[in-house]
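Contents: one structure, followed by commentary.
The values are calculated or read from the model by the stated rules, or taken from the named source; none is laboratory data. Every value quoted in this text rests on a predicted model; they were computed, and no experiment measured them. Neighbour counts run over all protein chains shown; Cβ positions are idealised from the backbone, glycine included.
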């Protein structure tokens, strides 16, 4: 934490000293900072391209495997273990499960006054 405060203090000192320089000196510092700015931009662009490549390669394989395995929609939700605080009765054919541990939702009207 102290290191972070020291870095912030150094940044504030650099910023104030840069603000006291004449305009031509700030322009020279800006010109010498351009290669670093370009490299940061290129690295962000490379990250975006790698994420897109990951999606372009994995999404079609995922869809094919989902079709082959017969899993459609959100079937993973059916396999999730129930919430321990929620007790559900085993449904009888033709009836809905009864939630005993979860209170019903209430509708709340909101009026914003300015």
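Residue pairs whose Cβ atoms lie under 9 Å apart, sitting 6 or more positions apart in sequence or on different chains, and linking a residue in the stretch 97-109 that is loosely packed, with under 10 Cβ neighbours inside 10 Å to a partner that is modelled with pLDDT under 80, are 100/86; 100/87; 100/88; 100/89.
Taken over the stretch 21-64, the criterion of being over 26 Å from the mean Cα position of the chain (by Cα) and surrounded by 10 or more Cβ atoms within 10 Å (Cβ to Cβ) is satisfied by 21, 25, 26, 27, 28, 29, 30, 33, 64. Scoring residue 105 on the criteria (1) within 29 Å of the chain's Cα centre (by Cα); (2) over 30 Å from residue 18 (Cα atoms); (3) in a helix (DSSP H, G or I); (4) modelled with pLDDT of 65 or more leaves a single failure, condition (3).
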